[in-house]
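The values are calculated or read from the model by the stated rules, or taken from the named source; none is laboratory data. Here the structure is a predicted model, which means the values were calculated and not measured. Here the Cβ positions follow ideal geometry from the backbone for every residue, glycine too, while neighbour counts run over all protein chains shown. What goes into the accessible areas is simple: the full protein's heavy atoms, side chains included, and nothing from ligands, DNA or RNA. Shrake-Rupley method; radii C 1.70, N 1.55, O 1.52, S 1.80 Å.
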Amino acid sequence: LIPAGASVLEIGCGSGGLLAQLNAARKVGVDLSVTQIAEARTRVPSAEFHVQSGEALQLTERFDCIIISDTLNLAADVQRLLEQLHTVTHPDTRLLVNFHNSLWRPFLSLVTALGLKDPQPQNSWLASSDVFNLLHLAGWSPVCHQARLLLPVRLYGVETLLNRWLAPLLQWFCLTIFISARPGLST
């Protein structure tokens, strides 16, 4: 999805794990945590990092690709965040968003309570329809929508069968939802 010569901005980059894996020409990360940004600078020294929120983005550069991975539900104002992204886009920019399916909320809460999953900050648990509406209100046009991951753990190869072949048929039950969008008409 991301060409090698692309410029990429990740909102909520954390310690830079995703940016480190990308083969992009230019990488920029934004996060609220000073500690996470310090780790990201160590992990991906070739990238540029900023301590700021996506809702108050203060960048002047235009990016080919903007990624919001597992952090959309953590934004204080999702619509404001999506609107603010237009300040760093050009007509061919692609926005890539992924978030957890709200159907998994009870299960994820249970495994967190049992100590099998690390606790996460308070989450707004937006449904796909909410995200589509917020994208539209913020002037984005969805291009593609996919749900993936029926089995998010390794289980002797069974996860490959389920996630590759059954997930496309059972998208309502998948853990992770991916949406790509492009700048649309202003609202």
Legend entry - Residue check, Phe49 touching a strand residue (DSSP E or B) at 6+ places or on another chain (Cβ under 7 Å), open to solvent by less than 60 Å² (accessible area, probe 1.4 Å) and either within 16 Å of Leu82 (Cα to Cα) or at pLDDT below 95 (or both): no
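Could you tell me which of the residues Leu108, Leu161 is free of Cβ contacts under 8 Å to residues at least 12 places away in the same chain, open to solvent by less than 30 Å² (accessible area, probe 1.4 Å) and more than 30 Å from Asp64 (Cα to Cα)?
Just one listed residue meets the conditions, Leu108.
Pick from Val88, Val111: which is closer than 24 Å to Ala76 by Cβ and among the β-branched types (Val, Ile, Thr)? Explain how you work it out, then say what you get.
Working: Val111 fails: closer than 24 Å to Ala76 by Cβ.
Being closer than 24 Å to Ala76 by Cβ and among the β-branched types (Val, Ile, Thr) holds for just one of Val88, Val111, which is Val88.
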Inset, instruction - Would you mind stating whether Thr35 is without any contact (Cβ under 8 Å) to a residue 60 or more places away in the chain, hydroxyl-bearing (Ser, Thr, Tyr), farther than 22 Å from Trp140 by Cα and not in a loop (DSSP other than H, G, I, E, B)? - result: yes
Inset, instruction - Residues being over 20 Å from Ser102 (Cβ atoms), surrounded by 12 or more Cβ atoms within 10 Å (Cβ to Cβ) and over 15 Å from the mean Cα position of the chain (by Cα): count how many of those fall in region 169-187. - result: 2
Legend entry - Subset of region 32-85 (residues that are more than 23 Å from Gln122 (Cα to Cα) and touching a Lys or Arg at 6+ places or on another chain (Cβ under 6 Å)): Ala47, Phe49, Cys65
Legend entry - Members of region 5-32 that are open to solvent by less than 70 Å² (accessible area, probe 1.4 Å) and part of a loop (DSSP other than H, G, I, E, B): Gly5, Ala6, Gly12, Cys13, Gly14, Ser15, Gly16, Leu22, Ala24
Inset, instruction - Would you please name the residue that is modelled with the highest pLDDT, looking only at residues in region 113-161 that are more than 24 Å from Thr87 (Cα to Cα) and of a type in the set (Asp, Glu)? - result: Glu159
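Could we say that Arg154 is surrounded by 12 or more Cβ atoms within 10 Å (Cβ to Cβ) and basic (Lys, Arg) here?
Numbers: surrounded by 12 or more Cβ atoms within 10 Å (Cβ to Cβ): no; basic (Lys, Arg): yes.
Answer is no for this residue.
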Inset, instruction - Please work out if Phe63 is among the aromatic types (Phe, Trp, Tyr), open to solvent by less than 60 Å² (accessible area, probe 1.4 Å) and farther than 23 Å from Ser141 by Cα. - result: no
